[in-house]
1. Name the lysines eligible as straight-distance cross-link partners of E:Lys37: C-alpha to C-alpha under 18 Å, and not fewer than 8 places from it in the same chain.
2. Please check: in the Gaussian network model of chain F (C-alpha springs, under 10 Å), which one of F:Tyr272, F:Tyr129, F:Tyr42 has the largest mean-square fluctuation.
3. Hey, what angle do you get for helix B:23-32 against the long axis of chain B, alpha-carbon based, 0 to 90 degrees rounded to 10?
4. Tell me which DSSP H helices of chain F clear both cut-offs, 24 Å or more of axial length from alpha-carbon atoms and a mean Kyte-Doolittle hydropathy of at least -1.0.
5. Pick from B:Leu83, B:Leu66, B:Leu44: which residue has the top mean-square fluctuation in a GNM of chain B where Cα pairs under 10 Å get a spring?
6. In degrees, nearest 10, range 0 to 90: what is the angle between the Cα axis of helix C:73-90 and the longest Cα principal axis of chain C?
7. In nm, what does the list of distances from F:Leu72 to its counterparts in the other copies look like, shortest first, when each label sits 7 Å along Cα to Cβ?
8. Among F:Val131, F:Val107, F:Val35, determine the one that fluctuates most according to a GNM of chain F built with springs between C-alpha atoms less than 10 Å apart.
Amino acid sequence: MSDPDPVDLERIKVEILLDSPLVRRVEEAAERHGLTGWTVLPTLSGSGRSGRWRDDQVTGAASKVLFTTVCNREKAEAFTRELSPVLEAYGSVLLKSKVEVVRPGKF
Amino acid sequence: MSDPDPVDLERIKVEILLDSPLVRRVEEAAERHGLTGWTVLPTLSGSGRSGRWRDDQVTGAASKVLFTTVCNREKAEAFTRELSPVLEAYGSVLLKSKVEVVRPGKF
Amino acid sequence: MSDPDPVDLERIKVEILLDSPLVRRVEEAAERHGLTGWTVLPTLSGSGRSGRWRDDQVTGAASKVLFTTVCNREKAEAFTRELSPVLEAYGSVLLKSKVEVVRPGKF
Amino acid sequence: MPAGFETLLSPVILFFILGALAAALRSDLAIPEAVAKGISLYLMAAIGLKGGVEVSQSGFTPDMALAALAGLVLSFLIPIPLFLALKRIGRLDTVNAAAVAAHYGSVSVVTFVAGSQVLGSGGMPPAGYMVAVLALMETPAIIVGLMLARRGGGVQVQSGNGLLHETLLNGSVVLLMGSFIIGLIAGTDGFAPIAPLFQDIFTGMLCLFLLDMGLVAIRRLRESRALTWRLAGLGIIFPVINGTIGVLIGALIGLDTGSAAALGMLAASASYIAVPAAMRLALPQADPGLYLAMSLAVTFPFNITIGIPYFVFLATQVV
Amino acid sequence: MPAGFETLLSPVILFFILGALAAALRSDLAIPEAVAKGISLYLMAAIGLKGGVEVSQSGFTPDMALAALAGLVLSFLIPIPLFLALKRIGRLDTVNAAAVAAHYGSVSVVTFVAGSQVLGSGGMPPAGYMVAVLALMETPAIIVGLMLARRGGGVQVQSGNGLLHETLLNGSVVLLMGSFIIGLIAGTDGFAPIAPLFQDIFTGMLCLFLLDMGLVAIRRLRESRALTWRLAGLGIIFPVINGTIGVLIGALIGLDTGSAAALGMLAASASYIAVPAAMRLALPQADPGLYLAMSLAVTFPFNITIGIPYFVFLATQVV
Amino acid sequence: MPAGFETLLSPVILFFILGALAAALRSDLAIPEAVAKGISLYLMAAIGLKGGVEVSQSGFTPDMALAALAGLVLSFLIPIPLFLALKRIGRLDTVNAAAVAAHYGSVSVVTFVAGSQVLGSGGMPPAGYMVAVLALMETPAIIVGLMLARRGGGVQVQSGNGLLHETLLNGSVVLLMGSFIIGLIAGTDGFAPIAPLFQDIFTGMLCLFLLDMGLVAIRRLRESRALTWRLAGLGIIFPVINGTIGVLIGALIGLDTGSAAALGMLAASASYIAVPAAMRLALPQADPGLYLAMSLAVTFPFNITIGIPYFVFLATQVV
Ligand SMILES: Nc1ncnc2c1ncn2[C@@H]1O[C@H](COP(=O)(O)O)[C@@H](O)[C@H]1O
Ligand SMILES: Nc1ncnc2c1ncn2[C@@H]1O[C@H](COP(=O)(O)O)[C@@H](O)[C@H]1O
Ligand SMILES: Nc1ncnc2c1ncn2[C@@H]1O[C@H](COP(=O)(O)O)[C@@H](O)[C@H]1O
Ligand code: NA
Ligand code: NA
Ligand code: NA
């Protein structure tokens, strides 16, 4: 963060907590928006307005994952705008935060 | 982050690395502070001043999880103020960072 | 973030997505740079310029983890500068972001 | 104790009760999810193989076609009256009523497996083809459920992109049918070398799985916010009615005692694998906490402890 | 080789040594945590069932009550002298001394299982009720340890919110006692259908688990920063003394050779499941790296390789 | 069907085909990674033990030394012509050609296991020492591959820090050799109590593992971007040529039919455990998507379905 032109290195990290069966659809949306990459992390449990859940691989219905992707502002906005109504229906959580990347060309 | 009133969308993400047997107590504290939701992520291994550890489900004594919650500044401050002494005793790590959320009313 | 001297509490969180066989080397580098601690998180799957992968413990060749460490700016810069060429060769992803810590002396 | 109910003292059921008790007492006992999933897949492969091997001996019979037809019809029809009951008596909205109804039209593999165990140890094992009936009954109710949701209100069903595909190729359906066919091809001789895994240790594995199911069911019951007393009542009345109808139809179409009882168990049981996954995708507005609580935390325990012995008893009376 | 020590060449022990060697040579061999936990639960269920089935045959005997009493007394008393030794000789502070002492008052299920295996193959299996003794001995030392910590210094013990509850309903205690009772109810006949899983493949599963324990023990030994030579020495002296006392008491109260040896093994062994979890909650100031290193990386390997044959030998001499 | 090919209808192979079909149809069937890894470790321990027990009976023979030598030579030499073919015909760059070539010089444990199964059920099991040959053949090709990469271009090989160490102490090598030695020490008597786990349920476990491998192979094939038709062709030609040479050499040095066929399978098979891990560390520029696709998604399925019966057939002709 002492780099010459920090703006150029700045990207947005989008984190989406979603039901595992939905991952495939979010990946398709990411591809449509030309996102170059993403990573999916596992979760153990959680709690929200719709109650508690814990990882449950047997039924698969209460297992959630964290989909993360790093990209520039415009793509992040376009991507999250498209997903918002879907995520609303599924009660997912979406976060955006600023990150600095090393090889900005990659994102 | 091109939204009209970014402050309104800004929330604090609190991340706490803690021993898995402690999760229940932190959840109770979260409920006391009126936090609307949280998510717990698994970990694999780590290293700190008190040495190394790796996930260990058999004894359960060296397994840690990452408790994350997103809320507004006041709640984040109150919540972490209450937890600080406890976490100090357990040698846990607590981080706060700024995030932007899509449906701010939810957090 | 309403604390008297926020700068003092501010640290950098470095996140590195890397192949699991590489963790040992990154840990060695972290020790050389005097980092006091780190935590490794599991992942499930991902996609990037070099294609898709999903966690694969049998061959071990396509399993990645997220190495995270929190430290001050100088250490973060020195650490990532050393790792950059290595990570470039391995096609890993490295992110930096600002976080606020509770007990800054620890990091 | 009436005939059939002594099975309440078999280790299989006792392990379920142990899990339920541990969860009720808030013990931290837990089986790792990956292991539970592994055992669940093992049970499906084993039951599929066993059914296939048996059919490879008995050959295809008219009974089989009748049982399959009965299963399909039950699976298509059960959701309709249940949907109405869930709306009127259970006071659910259209979407949730449709989602729950779909679960009861489909089946629970483990209820069937536990029931077969009980029937087998009572000397009246169900016919091997009942496994194929089980597989056939997994998915039709999903389609009926979605139709009910769509008709009942202006709900937009999130289907389109291959929902049918995802439903028909649900992992449990594929594994069950695939193992059934492998058993059919392998026959008794081909099965012999793998019998120590898929037959000898089967009952023990079922114990471990039911231990986990007991834990899961009661934890879910405790954490559920959506379950009302009315709904819990329906979760017990549904299996009694559906199961009774299933046994009677089994008797009517001339199935043997074990198979008629098994048809009752299939009708009575509610899905906790194929349907929840499909509903989460197609009816995201429906509350998973609700349908999983009814299927897993009310109906499953009821069937395992009381339903199964009752259906066995009924079948011995009417067949 | 003296009687008993030939068991060092049994696959069970050799797999432990293989794991230890692999870790010492820094091989990347590792058993997934979920699988290791699954095997650990399996071993507890199996040992519980086996004990229960045996007691269902033998009935309740005065021996049993005596053994239970002896176990309880040992479990309450052992931590006290150890606490003093850990402070004076081991140079630990009060909190850490109390935490470590609690581990030695409690027991290690796998040490007991491995020892029973050795006794069984030597024709002197311990009585079935020793499993109940094992379960009884899991928790009392936790309470003693916390009292020592509280008295010894101005330490604030983080208890209150249901620590006792969490300790008594620790998963391993519940599974062990639950399976014991299931075995008691099921008896030989009820156990028969699940024996292929819980009895026939038991020794093999123990091999795989000990492979993992060898890996875990030596990795922990290598990564531990807190373990001094003095403490490591105590980690070997403790089981020798406690185990000898255990065997002698067993002989005194008239237990058979196998059961006396098993009581020695229980006394000698240190917990690595129930106690660490409780200490992490109640005494967070205590260093888990320290107590796990002593229990898992010093005492466990010692007992598995040298302790067990020694206690067997001693029991054959004094009973 | 020609001799040997009827094994295509054995459950072991049918489960592989089921997995492959499920993946091809995009079913969501999946075995948890932790469980798959656990089964993979189990298979290695079981095959090691079995080999060791057999050698403990047969004693060390000249055959054994010859087979070991043949295996080592094959493992060192195979990568060289393959490297050239991959560059010229496959149009790969030096680094990728070297990485892929190393995989084919090494071996696949599961191909060997499945082949032994087929040979065993055909009444010509390979000699026990072939397991030691398998273990010996795991690593030499890694060294050859790295030399080819270094010589072929100015590539900087990321070795140094203990790559050799990591390769030689790869978990699978350690477990295989360790279990072999345990089997050798334990002998038939020591093996008896653990045979129910490591022998009786072995074939069933192999079925489950091959189900997973079928899923993994076809998913990888579908997702691979780097696999060209030319490379896929090489992935089929390589095992045919290497395997034929292996069988012929086996016959030449006087091995029995089963062992000669097994040597062919070892030569034909490509590593998917030890080599990918080493390449990821030492040759990060090489594309893991490429070498895993060739080894797991082309050569492995080919060997399991067509290669094995062909090598068995060939061995029955030439020995
Ligand atoms: N404020 C929050 N912080 C972190 N995770 C949350 C938060 N709110 C909701 N979640 C996660 O999102 C899931 C669904 O939230 P909800 O739709 O509110 O039930 C919860 O179960 C949590 O895992
Ligand atoms: N600077 C850090 N960055 C990331 N994780 C840390 C850091 N310091 C400590 N940790 C984690 O917190 C655990 C406990 O830290 P400590 O109390 O320093 O031993 C460590 O084992 C790490 O997993
Ligand atoms: N923009 C991104 N956001 C999140 N993860 C990424 C991104 N790009 C790459 N990755 C991760 O890094 C891995 C390697 O990236 P690549 O070298 O582009 O293939 C991918 O498979 C992803 O898991
Ligand atoms: Na039903
Ligand atoms: Na003890
Ligand atoms: Na080869």
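The values are calculated or read from the model by the stated rules, or taken from the named source; none is laboratory data. Remember, it's a predicted structure, so these values are computed and weren't measured experimentally. Methodologically, a virtual Cβ is constructed for each residue, glycine included, from the backbone with ideal geometry; neighbour enumeration extends over all protein chains shown. To get the accessible areas, we keep the full protein, side chains included, count just its heavy atoms, and leave off ligands, DNA and RNA. Shrake-Rupley method; radii C 1.70, N 1.55, O 1.52, S 1.80 Å.
1. B:Lys64, D:Lys37, F:Lys37
2. Checking each option, the largest mean-square fluctuation is seen for F:Tyr42.
3. 30
4. Details: long enough: F:33-58 (38 Å, 0.71); F:171-191 (27 Å, 1.66); F:202-223 (31 Å, 1.05); F:229-252 (35 Å, 1.64).
In chain F, the long hydrophobic H runs are F:33-58, F:171-191, F:202-223, F:229-252.
5. Top of the fluctuation ranking is B:Leu44.
6. Compared with the principal axis, the helix lies near 10 degrees.
7. Those separations, rounded to one decimal, come out as 6.5, 6.5 nm.
8. In this elastic network of chain F, the residue with the biggest mean-square fluctuation among F:Val131, F:Val107, F:Val35 is F:Val35.
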